[in-house]
Amino acid sequence: MRFNVQIIFGVIIVLIGIAIIFGMLFEIDLWAICFSVGLILFGVWILVRPRILPEDSDLKVRIFGDIRKRGSWLVTDQEIWLFIGDVRLDMTEAQIPDGVTNIRIIAFISDVRLRLPAETGISLSSMAFVNETHVLGKKRSNFLVPMEYKSEGYSDTLQKVSLETICFIGDIRVKQITKQEAPNIDNA
């Protein structure tokens, strides 16, 4: 799945480059054509995509705005689509089921903050044009390079969270919190 997203992302970038060269050589306004076709394809994708999701998945779509969850809540598989917005998920008091819980965030520009209990494993896959990640004290800045991370002992943990982000510009911060630490997700 992650490899397929990488291929699609790479093909789109190559096609955009070819279209720009083609437009310059033949003096055609390909931007107007590509923009219109892009909007049509995006609209079709929005209409078809919810039907592809598993039935127990939670889908949230926002053009602008933030998504925040904290306190006691049930963590389920979810997909979040944003154009521009922040995602703040504090799972320190949440009910995380055993096994792998998948969270996918697709955005143009997004700031993602995830706080987990110390005993929960995290797997992170992030693809972005420009990406900065702070995962369990490790900082990485990437430009057109996908980022993969799994916490130590991930396969042995009972509760696992798999976070996948696809953004143009993304800032991702993941912390594991012990019960004694202050519950403030904005400083994650």
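Every number here is computed from the coordinates shown, using simple stated rules; none is lab data. Keep in mind the model is a prediction, meaning the values are calculated, not measured. Cβ placement follows ideal geometry from the backbone for every residue including glycine, while neighbour counts extend to all protein chains displayed.
Of note:
- Two-site FRET efficiency, S141 against F108, from Cβ-Cβ distance with R₀ of 30 Å, rounded to 0.05: 0.95
- Exposure proxy order (Cβ contacts within 10 Å, fewest to most) of L30, L114: L30, L114
- Just so you know, the Cα atoms of the stretch 57-187 work out to an Rg and Dmax of 13.6, 38 Å.
- Extension gain, F64 to F35: 0.36 nm times the residue separation minus the Cα-Cα distance gives 8.4 nm.
- Of all DSSP beta bridges in the stretch 57-187, antiparallel share, percent nearest 5: 15 percent
- L74-V14 FRET efficiency (beta carbon distance; Förster radius 30 Å; 0.05 resolution): 0.10
- Value of relative contact order over the stretch 55-188, rounded to a whole percent, pairs C-alpha under 8 Å and six or more apart: 26 percent
- Extending 7 Å from Cα along the Cβ direction at K150 and again at V100 yields two label points whose distance is 0.9 nm.
- Counting other Cβ atoms within 10 Å as a rough exposure proxy, the listed residues M24, M147 run M24, M147 from fewest neighbours to most.
- In order through the stretch 125-140: 3J(HN,Hα) via Karplus (6.51 cos²θ - 1.76 cosθ + 1.60), integer Hz, x for Gly, Pro: 10, 10, 10, 7, 5, 10, 9, 10, 10, 10, 10, 6, x, 10, 9, 9
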